[in-house]
Structure formats: C-alpha cells, structure tokens
Amino acid sequence: MKCVDDFRLHLGDKSLVPLVIGGMGVDISTPALALTAVRLGGIGHLSDAMMMDTAERYFGKPFSRDKLRANRGTLNQSDKSPIHFDLGAITEATRLHVRHAMESKRGEGLLFINCMEKLTMNAPRNTLQVRLTAALDAGIDGITLAAGLNHSSFHLISEHPRFRSAMLGIIVSSVRALQIFIRRNVKLNRLPDYIVVEGPLAGGHLGFGMDWAQYDLLTIHDEVQAYLKREDLSIPVVVAGGIFTGSDAVRFLERGAAGVQVATRFTIAQECGLPDAAKQAYLNATQNDIEVNQLSPTGYPMRMLRQTPAVNQGVRPNCELYGYILENGKCEYVTAYEQALADANSRDKLSVKDKICLCTHMRNYDVWTCGHNAWRLKETARPNDDGSYALPSAEHIFLDYQFSKNQQIRLP
Ligand SMILES: Cc1cc2nc3c(=O)[nH]c(=O)nc-3n(C[C@H](O)[C@H](O)[C@H](O)COP(=O)(O)O)c2cc1C
C-alpha cells in the first residue's frame, strides 16, 4: 500500500510533494497556512479575493475605507454602476500582500495565488488584469485561475515579462471547459503549466449546477486525461474535491493524477483564517448540516453549513466599501435586498431570504463554506474536556495526508 509521499509532482524544474492546499477566500487560506505547505515541499495558495480588505487588515493602509470615501454617491441608490475600484490601490494592495508572503517563504515548495474571474468588480477586464499583473510583479510563483472560464485571462497578461516563466494553471470542472480554454490560447502559444480538475464535492462555489450530485471527480479526471492524451499534451493534472485522506489521494495518484488539491481538512487548522467559532462549528457538523444552495449572488451554487450566520440576514449592501461581485452596477444581493425592503413590515428586522451579501459576510467570516466531507472533520481532531475540539496544526494535517496509509487519520 502506497502513500502520497511515494509520488512527486513535477512542475517546471521542481519535484514537489503532490499536495496542494487550495485557495480559500477571503484570507481563509492565510499566508501562514499557505506557507506551511511551501515549507513542507508542497504548494500553498494565497487568495486574492477582496485583496484591498485583506491588505488593509494586514498592513493598516485604508484601501477599502478610501474606496468608500470615493464612492459615497451611490449609498442610497440601487444603481451601483458609478462605483469603481482604484486600479492603483488594487496594485498596491496585491503587491504588498504577495511580496510580504514571498519574503517569508521557506522550504522547497511553491506559493501560488488563487484568482477568481467571477470577482467582476464592476470592471471585469481592467480589474482582473491589474490583479494578475500585480501578483506577477510581486514575484508570486504561480497563479491558479479560478471561478470562471477565464477565456481572456492569459491574454490580459501576455505582455508581462513573467508570462512564460511563472507557473500558470486553471481550475476546470469539465473537459469541455478545458478544451475551450486551450483553444482560446493557441495564438498565444501558451499552455497552462497545470490543470486543477475540481469535482462536485469541493468547498466554495461549484462549477456545476444544482445537479452536481450526478457528476464525479474520477470520471471527469479520466475524461481530461483522455483528452490530453488525444491531443498529445503533457500537462500535470491535479484533482480536487472530497479527498479526505492520504489513501483517497493515492487512489487518484495511481490513476495518473499528478497531484491533489485539498482544502476542507485545513479549515480547522490553527493557521486557518476562520474564527474559532466557525472551526468548532465545522468540527461539530453532521452530514445533514452540509448543503449546496443558491444563496450566493454570483449565480454559482455554493456548499456551506446550514448554520452559516449569513443566512437570512438583511445587511444593507456594502458595495461602496466592497463591491467585488458588481457587474454593470448590479449584484443579485442588491436586487434581493430591495425586494425584501419593499415587502417588509417596518417593525420587523429585515431578512433577505434568497441571497446573501457575499462580500460583507465573507469579509466577516460569516459564510461557513466547506467541502462535502466536512462532517468527518471530527475524526481528525481530539475533543477537549469541555466538549470543544483541540485544533490541529497545518503541519500535522499536511504530514497526515503525506504519510498515512489504509484510510487511517493520525490524531495530533
Ligand atoms: C472554506 C473554503 C473556501 C474556498 N474558497 C475558494 C476560493 O476562494 N477560490 C477557489 O477557487 N476555491 C475555493 N475553495 C475550493 C478549494 O480551493 C478546493 O479546491 C476544494 O475545496 C478541495 O476540496 P476539499 O475541500 O474537499 O478538500 C474553497 C474551499 C473551502 C473549503
């Protein structure tokens, strides 16, 4: 019986432990969490979701507050189209965060950043270009393009001096999405350096509809490998979604995957950005607590705990301060909020049932998104005398994935 450590992920000139900690926005995958994977010879991800806010918290520069000041004009109107991000501020925030993490890097692994196309920021092209460019400027080892088809993302950075040397990958949930992406970039003569195939059991937003349960990662993985073989393309494939033990990972590695991307196991790590209350809620979750719903204003289904504090809240939209999901001045939460206001009895506390204010609640760690197997987290931590759980370190979880066999999970 093999373990993950019997395999290596070859990327560029690196031979890595084939374990990737996936990007978890907003700053759930903190630099401390990501850098643990790097130190242990794997790959860690920062997240660039709501970067201005993350950088404000880490570096004390008022990026979001300045944005609010510049955009006050729309506070009382539903048309948010005048709202804009200061591209210079996005650049500065991204460079600060990435550079600081890169300077703290130790070990032989790689530090990547997860960039979600679906963060449209009321100017999708310009803002994405600036986000990607600034991460490359600051020396990030690689960028994982996520949450979207990313048809133009390579084009946006094709003139960057690091376009051919940095590691660039994409997350897909179907072979078709991959085919289109590759075809779109033929003229650039630039293939992705790695492909993350994310199945329907992952945390965060899903690249599937509400029929997600009809798909499975192994089948999609096999289809992607068959396509690459047909096209004579040699690109490492990393699988993600529902891989809970080292043995789960080995099953994919033996089938030809070059690596596995995992996240849910790390949500309860000491270094993870979630507050302790959320970590304990994950640890106490039962299978029935985990649902896929359509509360996200992005239009993608999202998996989360039923106990997610953001559900049924009625916060006033914070687009002037945040506004990461705005597209042509609109966000589905703003529409749902206004409808709820119109329907509300003035004495009741406002409650918006259909959507959540994703920016506000992700910023406050009130969206408890998780993978399908989060209910098993209690198998991975020791209970304290008071009924809570002791949180494992990220290093412990990483090493458990790397060395465990026979579906065993080593307790800290
Ligand atoms: C709390 C949490 C937040 C996540 N946030 C993001 C994100 O911001 N961007 C993204 O592409 N994927 C996100 N994901 C997906 C993970 O990066 C990863 O691919 C997936 O969850 C792996 O499956 P697992 O959680 O079953 O191990 C998130 C996952 C979790 C659990």
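Nothing in this text is a laboratory measurement; each read-out follows from the coordinates by a stated rule. In this text the structure is predicted, and so the values were computed from the model without any measurement. Note: ideal-geometry Cβ built from the backbone for every residue, glycine included; neighbour counts use all protein chains shown.
Taking the Cα centre of the chain as origin, work out the dipole magnitude from +1 charges on Lys and Arg Cβ and -1 charges on Asp and Glu Cβ, in debye rounded to 20.
With only Lys, Arg, Asp and Glu charged at Cβ, the dipole is about 460 debye.
Excluding residue 226 itself, what net charge comes from residues whose Cβ is under 15 Å from its Cβ, given Lys and Arg +1 and Asp and Glu -1?
Around residue 226, the surrounding residues sum to 0.
Given a Förster distance of 30 Å, report the FRET efficiency between residue 410 and residue 307 from their Cβ-Cβ distance, rounded to the nearest 0.05.
Computed FRET efficiency for residue 410 and residue 307 comes out at 0.60.
Would you mind ranking 43, 325 so that the residue whose beta carbon has the fewest other beta carbons within 10 Å leads the list?
Fewest-to-most ranking of 43, 325: 325, 43.
Points 7 angstrom from Cα along the Cβ direction at residue 6 and residue 231: gap in nanometres?
Going from the residue 6 label point to the residue 231 one covers 3.1 nm.
Below 12 angstrom from the Cβ of residue 236, what's the summed charge of the other residues (Lys, Arg +1; Asp, Glu -1)?
+1
Could you work out the helix-only [θ] at 222 nm for the chain, with each DSSP H run of four or more residues adding -39,500 (n - 2.57) and the total divided by the number of residues, to the nearest 500 deg cm²/dmol?
Rounded to the nearest 500, it is -9500 deg cm²/dmol.
Among 96, 85, 70, pick out the residue whose Cα is farthest towards the positive end of the charge dipole of region 63-106, where Lys and Arg carry +1 and Asp and Glu carry -1 on C-beta, about the Cα centre.
96
Which of 392, 82, 297 moves most in a GNM of the chain, Cα contacts under 10 Å?
Sorting by GNM fluctuation, first place goes to 82.
Using the Cα centre as the reference, give the magnitude of the dipole from point charges on the C-beta atoms of region 321-397 (Lys, Arg: +1; Asp, Glu: -1; all else neutral), rounded to the nearest 20 debye.
40
Direction-averaged shadow area of the convex hull around the Cα atoms of the chain, nm²?
Projected area, direction-averaged: 20.2 nm².
What are the principal axis extents of the Cα atoms in region 1-117, in Å, biggest first?
Principal-axis extents of region 1-117 (Cα, largest first): 62, 27, 22 Å.
With N set to the number of residues, divide the alpha-carbon radius of gyration of region 200-304 by 2.2 N^0.38 Å and report two decimals.
1.22
With θ taken as phi - 60° and the coefficients 6.51, -1.76 and 1.60, list the Karplus ³J(HN,Hα) couplings across region 187-195 in order, rounded to whole Hz; mark glycine and proline as x.
These are the phi-based 3J(HN,Hα) values: 4, 7, 6, 9, 8, x, 7, 7, 10 Hz.
Across all directions of projection, what mean area in square nanometres is found for the Cα convex hull of region 254-412?
12.8
Can you compute the charge dipole magnitude of region 164-306 about its Cα centre, using +1 on each Lys and Arg Cβ and -1 on each Asp and Glu Cβ, nothing else charged? Give it in debye, rounded to the nearest 20.
520
If you take every residue apart from residue 137 with its C-beta less than 12 Å away from the C-beta of residue 137, what net charge results, scoring Lys and Arg +1 and Asp and Glu -1?
Taking every Cβ under 12 Å from that of residue 137, the sum is +3.
Full-extension gain between residue 340 and residue 286, please, as 0.36 nm times their residue separation minus the C-alpha to C-alpha distance.
16.3 nm
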